[in-house]
Amino acid sequence: ADRSPWWRGAVIYQVYPRSFADGNGDGIGDIAGIRSRLNHLSALGVDAIWFSPWYPSPMADAGYDVSDYRDIDPVFGTLAEVEALIAEAHTLGIRTIVDVVPNHCSDAHPWFQAALAGGPGAPERDLFWFRPGRGPNGDERPTDWIGEFGGETWTRTTNPDGTPGDWYLHLFAPQQPDFNWDHPRVREEFEDILRFWFDRGVDGIRIDSAGLLVKDGTLPEVREDQPHPFHDLDGVHDIYRGWRRVADEYADRALIGEVWLPDRQRFANYLRPDELHAAFNFDFLGCAWDAAALRESIDGTLSAHAPVDAPATWVLSNHDVTRHITRYGRADTRFSFAAKREGTPTDLELGTRRARAAALLSLSLPGAAYVYQGEELGLYEVEDIPYAMRQDPMWERSGRIDPGRDGCRVPLPWAGDEPPFEFSPEGAAAPWLPQPADWKERTASAQTGDSASMLELYRAAIQARKADPALGDGELTWLPAPDGVLAFSRGGGFTCLVNLSPAPVPMPAQGELLLASGPLDDGLLPSDTAVWLRTAESTDGPRAADGP
Ligand code: TEU
Ligand code: CA
């Protein structure tokens, strides 16, 4: 299978810096903490790390509200520490990816501050979406658009003389004003920001909310029968063609888009040869734990990516969604923002069994696989965080309907029998979100050396993947299998079997057992179990993607 360039077949680990490891004892993760735990990622065998934002920020949206794209927030450390971290990762053979947030900045960003201070007519206002209100007094919002967190998308400003002024657009929280991407200065600024990070040696850029940048400046309301005013407008592609030219000034750099878009063809448009290198597969993430649905998602993904020759990606969790162990333990295993289903009964044992099988599935599909910090420890969604302690703006913005995303952002447990589980050094402040007491069984230290643990499964699978030339990018051939069972070969004698049916089935293929997600039952493949096999098949090159 194809392993070059690196992003086509990489295992990419997402670090959420607030919650990975705390070096200085303030209860918040930081760069020093990440550096002290790089050995964990090296032992896990990942090819690259994507770091969620660490820039100066008032943290209205946990750092996705950036006030300076070229520096590091003091809560996380310094730019010099980040440069050292990048170098240390490279020494370990691990590439680095930074998160760039181009749709909006923080209301503390100097451009927005200047736009406010300068009053109507300030040139900086053209870098954002300032508009007069509707109605005789201008006190009605320019549009009725609903934001991505729910709630209103316009906030009224006060003029320097104290009178009520224009409104500005924010698709997320009010502290996240949207940039006007029709303005050349915005375009130049971000191309320069890309160069700033590429010059510091980063190997890739994760592009936040990549489909939202361009707006219909006539500000029409959202209507079913009309093109959407800000989702996936054709104009965004021009921006990414410019970004691709910047990436191509450097060797081996990847642009990875966060594109939430149900239409697979439109999604693939972002991956044309002169645009982004890859994008997150949310189709797969949201998919039910169901063989037919997964097979449809896998086939649909692969056939949408083939014409643009882009690698598929396989994502199960991230910092925005309910952890998949929890999802997979529910009656309805799908994910959608509209139905977060907090408090739905969860069978954690079932969810864990399925998550183990899902790990073998996603790590053996063609393309790149993503691991969200803590999934390798088997962490579940923490649903009982007291509302008063929740920090995600989604909770308030949604009118307290959406529980928010704090439950998947709880600080990692590293070792020990009680919180903070060595997330922070001894004598430190409490972690910024409370950790469940029973995570003592899920610390990295407790799992190390336990061959039945989630951590050792991930380590073994990632090592086996690296050692096997059939894995990474390439082709997939479906093998005949009973209903409820996924069976595919990757060529080179590699076969993956996953039983999603409620009962054990005879193995649909025979071979040497490389890895199993759970105990096998006398030659049968138990329910919610996956295996990797070395089969007698010849080492012929890739075959057609459509099996029988
Ligand atoms: O997320 C974008 C995102 O999740 C939305 O576009 C999504 O479609 C919406 O929440 C569902 O209604 C990114 C980051 O991953 C997230 O953490 C940030 O809060 C957000 O952008 C704003 O920067
Ligand atoms: Ca800290």
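The numbers here are math on the coordinates, done by the rules we state, and not lab data. Please read all numbers here as calculations on a predicted model, not as lab measurements. Cβ sites come from the backbone with ideal geometry, for glycine too, and all protein chains shown count toward neighbours.
For this structure, a couple of remarks:
- Dipole magnitude for the chain: about 640 debye, using +1 per Lys or Arg Cβ and -1 per Asp or Glu Cβ, origin at the Cα centre.
- Beta bridges from DSSP with both residues in the chain: antiparallel share about 55 percent, rounded to the nearest 5.
- Proximal charge balance of residue 351 [Cβ under 11 Å; K/R count +1, D/E count -1]: +2
- Cα gyration tensor, region 350-469 - rounded (a/c under 1.5), prolate or oblate: oblate
- Potential extension, residue 264-residue 292 segment - 0.36 nm per residue separation minus Cα distance: 8.3 nm
- Helical content alone sets the calculated 222 nm signal of the chain at -7000 deg cm²/dmol, taking -39,500 (n - 2.57) per DSSP H segment of four or more residues and averaging over every residue.
- For 67, 501, the sequence from fewest to most other C-beta atoms within 10 Å is 501, 67.
- Rounded FRET efficiency, nearest 0.05, which uses the C-beta distance separating residue 140 from residue 43 and R0 of 56 Å: 0.45
- Relative contact order for region 154-298, counting Cα pairs under 8 Å that sit 6 or more residues apart, in percent: 17 percent
- Distance from region 130-151 to region 287-341 (C-alpha centre basis), Å: 35 Å
- The chain, relative contact order in percent, only Cα pairs under 8 angstrom and at least six apart counted: 14 percent
- Local electrostatic count, residue 32, Cβ distance below 13 Å [Lys/Arg +1, Asp/Glu -1]: -3
- For region 448-524 versus region 218-242, the spacing of their alpha-carbon centroids is 42 Å.
- Counted by Cβ distance under 13 Å from residue 373, the other residues give a net charge of +3, where Lys and Arg count +1 and Asp and Glu count -1.
- Sorted by Cβ neighbour density within 10 Å, fewest at the top, the residues 197, 7: 197, 7
- Three-way shape label, the chain, alpha-carbon gyration tensor, a/c 1.5: prolate
- Residues 78, 477 arranged by fewest to most Cβ contacts within 10 Å: 78, 477
- Computed extension gain for residue 228 through residue 521, at 0.36 nm per residue and net of the alpha carbon distance, reaches 100.3 nm.
- Looking at region 203-267, none of the chymotrypsin sites (Phe, Trp or Tyr not before Pro) sits in a DSSP loop with at most 10 other Cβ atoms within 10 Å of its own Cβ.
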